[in-house]
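Quick notes on the structure that follows.
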Ligand SMILES: NC(=O)c1ccc[n+]([C@@H]2O[C@H](COP(=O)([O-])OP(=O)(O)OC[C@H]3O[C@@H](n4cnc5c(N)ncnc54)[C@H](OP(=O)(O)O)[C@@H]3O)[C@@H](O)[C@H]2O)c1
């Protein structure tokens, strides 16, 4: 019988770190599900890049804050590909997308809905099929901002990130009996294609002042942590910090 190809679902993989992690995990031989909510063209480009490297990927739309949509996504993945082996909870609300009419309460709800509720909903659907996917992996993408005081406009974001660490430990304990590991990847500032749009040159220099290595990390340097978490079967409930020394720098 033909062996089933292992499947990795990366939420929010149409750009930035998610796109990079999708490409890297495809190199390990996984069929990668490039999830997106609003950007089909960008997700399509990521899939094309993965195909041109000789690997396999499919773009799939799903607003991960929508419970029914998440259930439908996992059911489709089960039916078409035999389920999900690696779940990377990476999607977040782009800080650039905040609209002027969006109140603090509305912003809080949207940040939490995607960054936290989305990770919870996806992890629960993954768990539903856990006994059939031994040696699976969940990786929650947090941030070094979870552990330090933040500017007022980033408080919802950093709070959602800190809560992800709680999710990691709870799912790690619950899923250990299936051989499934659950870990957190906590990057510092990442040199994505949108970094300067978000913080500008001056913001970049200021942020570098808080980083011992005085620069942003590349997407690949962060994705190295994902590969480690996927390939290692004895680490669970842990945090992989990759931040150039941001948490301890003055
Ligand atoms: N960038 C940094 O410096 C940095 C630092 C530390 C940690 N991180 C963390 O690293 C991860 C990736 O960051 P990034 O900067 O690469 O992200 P990003 O550029 O803001 O991209 C976010 C992704 O999430 C998707 N998304 C948004 N809403 C969604 C929804 N409702 N359902 C499904 N997908 C949705 C977007 O796709 P659509 O356009 O299709 O919606 C996009 O692909 C995030 O968890 C972030 O918090 C980033």
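The values are calculated or read from the model by the stated rules, or taken from the named source; none is laboratory data. Keep in mind that this is a model prediction, so the values were computed, not measured. Every residue, glycine among them, receives a Cβ derived from its backbone with ideal geometry; neighbour counts consider all protein chains shown.
Report yes if residue 77 is in contact (Cβ under 8 Å) with a residue 40 or more places away in the chain, near the ligand (Cβ under 10 Å from one of its atoms) and part of a helix (DSSP H, G or I), otherwise no.
The answer is no for residue 77.
If you go through region 1-54, how many residues are in contact with a strand residue (DSSP E or B) (Cβ under 6 Å, 6 or more places away or on another chain), in a loop (DSSP other than H, G, I, E, B) and surrounded by 18 or more Cβ atoms within 10 Å (Cβ to Cβ)?
4
May I ask you to list the residues in region 86-126 that are at pLDDT below 95 and in a helix (DSSP H, G or I)?
Within region 86-126, 95, 96, 97 meet the criteria.
Look at residue 49 and say whether it is within 13 Å of the ligand (Cβ to nearest atom), over 22 Å from residue 83 (Cβ atoms) and touching a helix residue (DSSP H, G or I) at 6+ places or on another chain (Cβ under 7 Å).
The answer is no for residue 49.
Under 6 Å by Cβ, and 6 or more places apart or on different chains, what pairs join a residue from region 38-55 that is farther than 14 Å from residue 21 by Cβ with one that is part of a helix (DSSP H, G or I)?
none
For residues in region 147-170 being within 15 Å of the chain's Cα centre (by Cα) and more than 9 Å from the ligand (Cβ to nearest atom), which is surrounded by the fewest Cβ atoms within 10 Å (Cβ to Cβ)?
Out of the qualifying residues, it is 162.
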